[in-house]
Amino acid sequence: MEEQFAIRQAKFVTSAGTEGNYPEALPCEIAIVGKSNVGKSSLINRLTNNQKLAKTSSQPGKTRLVNFYLLNQSLYLVDLPGYGFAKASKTEQKSWGELLDKYLTSGRVKHLFMLIDIRHAPTQDDLMMFRYLIYYNIPYTLIATKSDKIAKTKRKQEANNRAKELGAPPFAMPFSSETGEGKAELLNRIGQIYNDFTAIQKESSEE
Ligand SMILES: Nc1nc2c(ncn2[C@@H]2O[C@H](COP(=O)(O)OP(=O)(O)O)[C@@H](O)[C@H]2O)c(=O)[nH]1
Ligand SMILES: [Mg+2]
């Protein structure tokens, strides 16, 4: 069933570091992972129609904190720091690992959007990230970003190829922050996830 999540309001709430200073949890929290520069911040901006909400950069590796965005006062969309930035020092890589580990094991995240570039085979870091989310049994959706960079006729196939290369079931959603391709589908996905978790909460509060 199509049940698009209509974003009426989106605002930045807070950034959290390794100390785990997260905002009060909500029933539904969706986080976005992917390597630096894959298009995480641009996706948030496109979804919310606000080009200034999440900082984007053509210079990778700028976001080092867990950024919380509140949609319609009822759902968190979380921008996680990107991985695989070649210039990052060992110390930076270690603190990135701690930050991500702390967040992903906090029990807050209900679903992950894992972003991969539609044009490139997954890197070692992508493969590690994917194994990690399987290991922790976190539900996910694969999103193949920058779909505008390849011919329209190849998009579905290429997106699915990226999923196969990761070792996932062969499906990824093509998405472009440039053109808005895939936005409606992604809002449907968010609607489904949101409904699942608010329904779970209603059931348990009725017991
Ligand atoms: N052509 C194109 N460029 C994109 C798209 N998404 C992001 N970019 C560009 O890729 C760069 C990195 O994007 P950003 O959202 O900051 O990536 P992040 O590091 O994953 O948050 C920026 O220069 C964006 O303008 C897209 O869908 N199409
Ligand atoms: Mg970013």
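Bear in mind that the values in this text are calculations on the coordinates, not laboratory data. Keep in mind that this is a model prediction, so the values were computed, not measured. Methodologically, a virtual Cβ is constructed for each residue, glycine included, from the backbone with ideal geometry; neighbour enumeration extends over all protein chains shown.
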Local charge sum around H111 (other residues, Cβ-Cβ under 14 Å, Lys/Arg +1, Asp/Glu -1)? +1
Roughly how many whole Å is it from the C-alpha centroid of the range 7-80 to that of the range 122-164? 19 Å
Please figure out what share of the DSSP beta bridges in the range 10-201 is antiparallel and state it in percent, rounded to the nearest 5. 40 percent
Residues whose modelled amide H sits under 5 Å from the amide H of K35, counting only those 5 or more places away in sequence or on another chain, are Y83
Tell me, which longest segment in the chain has none of the chymotrypsin sites (Phe, Trp or Tyr not before Pro) that fall in DSSP loops with at most 15 further Cβ atoms within 10 Å? 1-135
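Listing R64, R155, R8 from the residue with the fewest other Cβ atoms within 10 Å to the one with the most, what is the order? All intermediate terms of the calculation are to be shown ahead of the outcome.
Working: R64 15, R155 21, R8 8.
Least crowded to most crowded, the residues run R8, R64, R155.
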Amide hydrogen neighbours beyond the local backbone of V13, cut-off 5 Å, H modeled: F68, Y69, L70
State which entries of K52/K90; K11/K35; K110/K164; K52/K110; K110/K183; K110/K152 exceed 29 angstrom in Cα-Cα distance in the structure shown. K52/K90; K110/K152
If I stretch the segment between Q51 and Q201 completely, what's the gain in nm (0.36 nm per residue apart, minus their alpha carbon distance), one decimal? 50.7 nm
Using a cut-off of 12 Å between beta-carbons, work out the net charge of the residues near A168 (Lys and Arg +1, Asp and Glu -1, A168 not included). +1
Taking the Cα centre of the chain as origin, work out the dipole magnitude from +1 charges on Lys and Arg Cβ and -1 charges on Asp and Glu Cβ, in debye rounded to 20. 920 debye
Determine the calculated [θ] at 222 nm for the chain from helices alone, applying -39500 (n - 2.57) to every DSSP H run no shorter than 4 residues and normalising by the residue count; nearest 500 deg cm²/dmol. -11500 deg cm²/dmol
Please compute the modelled spin-label separation between T153 and I134, points set 7 Å along Cα→Cβ, answer in nm with one decimal. 3.4 nm
By count of other Cβ within 10 Å, fewest leading, how are D117, D148 ordered? D148, D117
